[in-house]
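Written below as structure tokens is the structure these notes are about.
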Amino acid sequence: MPGSTNGPTSGATKAMGAMTVGGLVLVTAYSVALGSNGWLWFGWVVLGLLTLAMIVTQP
């Protein structure tokens with residue numbers, strides 16, 4: 001059925017994706033307002049890679 005989830009991890013993956021997108025918005029806003037911070041961008045890249053890994057490993 002379209003739109004249905006295929007297991008308990010699909011909700012976690014969606015939440016992780018939402019956190020990744022939200023993190024990108026926050027890091028970008030911080031960089032615009034107060035200047036770039038390399039650690040924030042590094043953290044966002046790590047979060048993005050973890051999200052990508054969760055998506056790829058979905059059954």
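Any read-out appearing in this document is the output of simple, stated calculations on the displayed coordinates, not a laboratory observation. Source: prediction; values computed, not measured. Glycine gets a Cβ as well: all are built from the backbone with ideal geometry, and neighbour counts include every protein chain shown.
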Return the sequence-ordered ³J(HN,Hα) values of the range 44-59 in whole Hz as given by the Karplus equation 6.51 cos²θ - 1.76 cosθ + 1.60 applied to θ = phi - 60°, using x for Gly and Pro. 5, 4, 4, 4, x, 5, 5, 5, 4, 4, 5, 5, 5, 8, 4, x
What is the distance, in nm, between label points placed 7 Å from the Cα along the Cα-to-Cβ direction at V21 and at I55? 1.1 nm
